[in-house]
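Engineer: A single structure is presented below for examination.
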Amino acid sequence: MPTSAKPQPIRGSYGADDPGPRNIELDLQNPDILIPPPTDNGSIPNLKFSFGMAHNRLEAGGWAREVTVRELPAAKGMAGVDMRLGPGVVRELHWHKEAEWGYVLEGRCRVTAVDADRGVFVDDLKAGDIWLFPSGIPHSIQAHAEGCEFLLVFDDGNFSENETLLVTELMAHMPIEVVAKNFGIPATHFANLPPKEKYIFPLPVPPPLGEVMAKLPKNRPAMPFTVHGGDFTPTQWDGGKTTVIDVRNFPVTNMAALIIDLEPGALREIHWHPDADEWQYYIQGEARMTVFDATSKARTFNYRAGDVGYVPKTLAHYIENIGTTPVRVLNVFNKPLFKDVPLNQWLALTPPDLVRGHLELDDIAMAALNPNPRSVTR
């Protein structure tokens, strides 16, 4: 690579060249870390971690990797898992101490669940569809013929995908005579129980949904555990669109979500969330985000596909598309109702003399204050 292609940590008269050793590819992906804007100041914890840097657990027909508080210490409120299942492959029957929010990234899968009222739930999902399994609700995920990849978000940063409660481990760690008594049949019928977890393992591609449902009891949960992306109409803005999925249109959920699409140059306006942390997953494009905290702290981060971002509640931030292609980012919040406070609306709804007295804005700037929502702008 020619020297001219190597970005240097120089901004005007500040900084100096970096002769190396250095990771040029990493510097190119993080220009606002190498050469931070002059508005950055003080100490903000790291708010970025890439799934590409996460340990990958390879299993028979699939894999899983996670970003938790161990990889991203600021992410105390939520953790995430990226999982891939090949054709017919199953994420075994299990449950969690945490709630599980899921988003299908590619392919199709079938989810199953049984609730505490013995309601039986089975649904087929495709890219863009979402599920929420509350804490303690047993469930499974199985890929269809094309396989699937999905993102999982859990409402505790200390979560680990390696510490879920699995049906195979449950059976392996119960005395065999107790298992036999529990089911009312001789212990010999449990001679082939797996000695350890299966976790991810292959099975035949599941049969048609109607065929499966016909063999199951008719009792259904009071609220469905899934929603389909095609059922939602995004809100269009000048520069992109947003979709809110929260307890108002997905009653079972305890985590809200905002799906953002940004055209090149567009901005998810400066705002903050008054009561929830924000866990971000970047699906496509190149973006940057500055996060502001009290006592003049601010730091700017760069993101692209596969990266995770995190913003603690009440901290002001924006997301800007700095690339030449659209940005799509999932934002998941550890509260059931989506709430934000946009800077522009706050100022527009405050007495003008008070705003002018604080910021010394001219007439044009004052006229630009807009009390109407504009989540995305150019």
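The values are calculated or read from the model by the stated rules, or taken from the named source; none is laboratory data. Computed from a predicted structure; not experimentally measured. Quick reminder, even Gly has a Cβ in these numbers, built from the backbone with ideal geometry, and neighbours come from all protein chains shown. Remember, those area values only see protein heavy atoms, side chains included, never the ligands or the DNA or RNA. Shrake-Rupley method; radii C 1.70, N 1.55, O 1.52, S 1.80 Å.
Engineer: Hey, among Thr243, Thr233, Thr188, which residue is without any contact (Cβ under 8 Å) to a residue 40 or more places away in the chain and assigned to a strand (DSSP E or B)?
Structural biologist: Thr243
Engineer: I've got another one for you. For the stretch 249-303, which residues satisfy the criterion of being touching a helix residue (DSSP H, G or I) at 6+ places or on another chain (Cβ under 6 Å) and open to solvent by 50 Å² or more (accessible area, probe 1.4 Å)?
Structural biologist: Answer for the stretch 249-303, where residues must be touching a helix residue (DSSP H, G or I) at 6+ places or on another chain (Cβ under 6 Å) and open to solvent by 50 Å² or more (accessible area, probe 1.4 Å): Ile270, Arg288.
Engineer: Tell me the strands (runs of 3 or more DSSP E) entirely within the stretch 263-378 that contain at least 1 residues that are in contact with a His (Cβ under 9 Å, 6 or more places away or on another chain). Steps first, answer last, please.
Structural biologist: Values: elements: 267-272, 278-284, 286-293, 297-304, 307-311, 316-321, 327-333.
Of the strands (runs of 3 or more DSSP E) lying wholly inside the stretch 263-378, those with at least 1 residues that are in contact with a His (Cβ under 9 Å, 6 or more places away or on another chain) span 267-272, 278-284, 286-293, 307-311, 316-321, 327-333.
Engineer: So for the stretch 294-302 (the condition being closer than 25 Å to Gly102 by Cα, out of contact with any Leu (no Cβ under 6 Å at 6 or more places or on another chain) and at pLDDT 95 or above), does at least one residue qualify?
Structural biologist: Within the stretch 294-302 (the criterion being closer than 25 Å to Gly102 by Cα, out of contact with any Leu (no Cβ under 6 Å at 6 or more places or on another chain) and at pLDDT 95 or above), the answer is yes, since at least one residue qualifies.
This table checks each residue for (1) of a type in the set (Lys, Arg); (2) surrounded by 18 or more Cβ atoms within 10 Å (Cβ to Cβ); (3) within 14 Å of Gly309 (Cα to Cα); (4) modelled with pLDDT under 95.
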{"residue": "Ser43", "(1), (2), (3), (4)": "no, no, no, no"}
{"residue": "Leu47", "(1), (2), (3), (4)": "no, yes, yes, no"}
{"residue": "Arg57", "(1), (2), (3), (4)": "yes, no, no, no"}
{"residue": "Met78", "(1), (2), (3), (4)": "no, yes, yes, no"}
{"residue": "Val89", "(1), (2), (3), (4)": "no, yes, no, no"}
{"residue": "Lys97", "(1), (2), (3), (4)": "yes, no, no, no"}
{"residue": "Asp117", "(1), (2), (3), (4)": "no, no, no, no"}
{"residue": "Asp123", "(1), (2), (3), (4)": "no, yes, no, no"}
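Engineer: Continuing with the same structure: Could you please find all residues in the stretch 132-186 being closer than 20 Å to Thr112 by Cα, open to solvent by less than 10 Å² (accessible area, probe 1.4 Å) and touching a Ser or Thr at 6+ places or on another chain (Cβ under 7 Å)?
Structural biologist: Across the stretch 132-186, the qualifying residues are Leu132, His139.
Engineer: Only one of these conditions is not met by Pro224: (1) in contact (Cβ under 8 Å) with a residue 40 or more places away in the chain; (2) more than 26 Å from the chain's Cα centre (by Cα); (3) part of a loop (DSSP other than H, G, I, E, B). Which number is it?
Structural biologist: Failed condition: (2).
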